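Structure first, then comments.
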Amino acid sequence: MTCDEVRPLLNAHMDEETGPIQKAALDSHIGTCFDCAAELKQLERVRDSIRGSMPYYKAPPALRRQVQIALRGAEYLDRDQRSSGWRGERWQTGWRVWGALAAGVAFCALGSVPFLLSARNQSQLVAEEFLSAHERALIGQSVDVVSTDQHTVKPWFNGKLSFSPPVTDFAAVGFPLEGGRLDYEGDHQVAALVYRRRLHKIDVFVRPSAGEKSPPANFERNGYREISWSRGNFLFTAVSDLNGMELAGFAKLLQNQ
Ligand SMILES: [Zn+2]
């Protein structure tokens with residue numbers, strides 16, 4: 001990664017909001033770049049001074065770890081249920097998490113955690129990267145170029161990316177284009193096209209398919225859904241908290257554009 005790519009991600013990195021592949025890439029850059037390391041230190045100083053002046057309650061490391069394992073366990077358990085289609089509403093996910101939390105603790109006791117974690121393959125890590133990117137965008141800047149015009153959004157990516165993503169507006173069928181931004185999957189730059197369905201944001205991540213790992217066709221976590229597919233020379237991943245049926249319908253539109 002370059003410094004320009006690392007800088008916008010330092011805040012998310014400090015707050016541990018990046019996905020595992022991206023975190024590794026950032027750690028490796030910061031470990032060798034004096035400037036970025038200094039900027040991270042500065043951000044940490046600001047954070048610490050805010051914490052020092054406000055009441056702040058940190059979860060004990062053991063609890064934090066157990067919840068992380070539980071969330072991963074929930075995804076693992078989800079895989080078996082996914083073949084029967086989407087049924088996971090938030091409360092179901094909640095129960096799965098608590099079930100997995102109990103399972104995670106039991107596995108800890110048995111020393112079987114490495115098995116649980118290694119069952120998550122590379123493509124699921126990629127799926128998590130996109131989910132992290134979507135969540136980050138929801139709390140930060142979701143659009144770099146604000147435009148409902150596909151003829152404005154598409155050329156905006158020229159010179160910023162090594163590829164030209166296909167961009168289509170679907171306002172006529174209830175999925176207006178809101179704009180686009182540059183985002184990351186691991187240390188790869190990707191195009192993020194931003195659409196809206198009523199109050200739900202939809203991010204569509206586009207990158208060239210050559211040499212890239214594709215996430216599973218369907219992925220779900222914390223009330224967010226992801227649908228991934230390849231078309232032409234591109235891989236697409238649509239992420240949203242929209243219901244499964246509408247997101248699948250939107251993906252169909254893109255697949256047939
Ligand atoms: Zn740097």
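Key figures for this structure:
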item	result
Scan of segment 125-143 for residues that are assigned to a loop (DSSP other than H, G, I, E, B) and buried (at least 16 other Cβ atoms within 10 Å of the Cβ), ordered by number	Ser142, Val143
Scan of segment 203-257 for residues that are part of a loop (DSSP other than H, G, I, E, B), of a type in the set (A, V, I, L, M) and open to solvent by 20 Å² or more (accessible area, probe 1.4 Å), ordered by number	Ala210, Ala217
Any chance Ile30 is in contact (Cβ under 8 Å) with a residue 12 or more places away in the chain, within 8 Å of the ligand (Cβ to nearest atom) and either in a helix (DSSP H, G or I) or surrounded by 14 or more Cβ atoms within 10 Å (Cβ to Cβ) (or both)	yes
Test: residue in segment 191-201 that is at pLDDT 95 or above, in a strand (DSSP E or B), of a type in the set (Val, Ile, Thr) and farther than 18 Å from Lys252 by Cβ	yes
Extreme residue, nearest to His134 (Cα to Cα), among residues of segment 1-27 that are of a type in the set (D, E, K, R) and more than 10 Å from the ligand (Cβ to nearest atom)	Glu17
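The values are calculated or read from the model by the stated rules, or taken from the named source; none is laboratory data. Since the model is a prediction, treat every value here as computed from it, not as a measurement. Methodologically, a virtual Cβ is constructed for each residue, glycine included, from the backbone with ideal geometry; neighbour enumeration extends over all protein chains shown. In case anyone asks, the SASA skips ligands and DNA or RNA and just uses the protein heavy atoms, side chains included. Shrake-Rupley method; radii C 1.70, N 1.55, O 1.52, S 1.80 Å.
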